[in-house]
Amino acid sequence: MPDPRYAVAAVLVTAAVTWGLRALPFAALTPLRASRTVRYLSARMPAGVMVILLAYCLRDLSFTQPSSLAPLTALAVTVGLHLWRRNALLSILGGTAVHVILASTVFAH
């Protein structure tokens, strides 16, 4: 019969490794919080990520197809909502809802 101390040791080692791996990012980020580079990136990255997503979503869009109106209308709604309310969540949800509704009803094949 196996020694129960082996199982207890395995559980303790696993728990310690799991705790360490979860705590490590917080310990590593603490000195970075005061970094000018991290502050700069935190201010600029949201807009950069949105530009990358925009390019990704519209990269294969054919402007000669009528079905292109769904994503373009959703883009216009997203921009309009954001300019009106300055709420990213509302803008993204509104634009997504418009795109899904148009793509699944009006422009469905």
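The values are calculated or read from the model by the stated rules, or taken from the named source; none is laboratory data. Note that the structure is a prediction, hence the values are computed from the model and not measured. Neighbour counts are summed over all protein chains in view; Cβ atoms, including those assigned to glycine, are modelled from backbone coordinates with ideal geometry. Each accessible area value is taken on the protein alone, full model and side chains, heavy atoms only, with ligands, DNA and RNA left out. Shrake-Rupley method; radii C 1.70, N 1.55, O 1.52, S 1.80 Å.
With the helix formula -39500 (n - 2.57) applied to DSSP H stretches of n ≥ 4, the chain reaches a computed 222 nm mean residue ellipticity of -25500 deg cm²/dmol. Carbon-plus-sulfur accessible fraction, the chain (probe radius 1.4 Å, protein heavy atoms only): 73%. Hydrodynamic radius of the range 55-109 by the Kirkwood approach over all distinct alpha-carbon pairs: 11.5 Å.
Per residue, the accessible area of the range 70-109 comes to 68 Å² when a 1.4 Å probe rolls over the protein heavy atoms. Per the Cα gyration tensor, the chain maps to an equivalent ellipsoid with semi-axes of 47, 24, 12 Å, ordered largest to smallest. Using R0 = 30 Å, the C-beta based FRET efficiency linking residue 68 and residue 47 works out to 0.75. If the chain linking residue 26 and residue 8 were pulled fully straight, counting 0.36 nm for each residue of separation and taking away their Cα-Cα distance, it would gain 3.7 nm.
Helix 4-29 and the longest principal axis of the C-alpha atoms of the chain enclose an angle of approximately 50°. Size of the range 8-53 from its Cα atoms: along the principal axes, largest to smallest, the extents are 51, 27, 7 Å.
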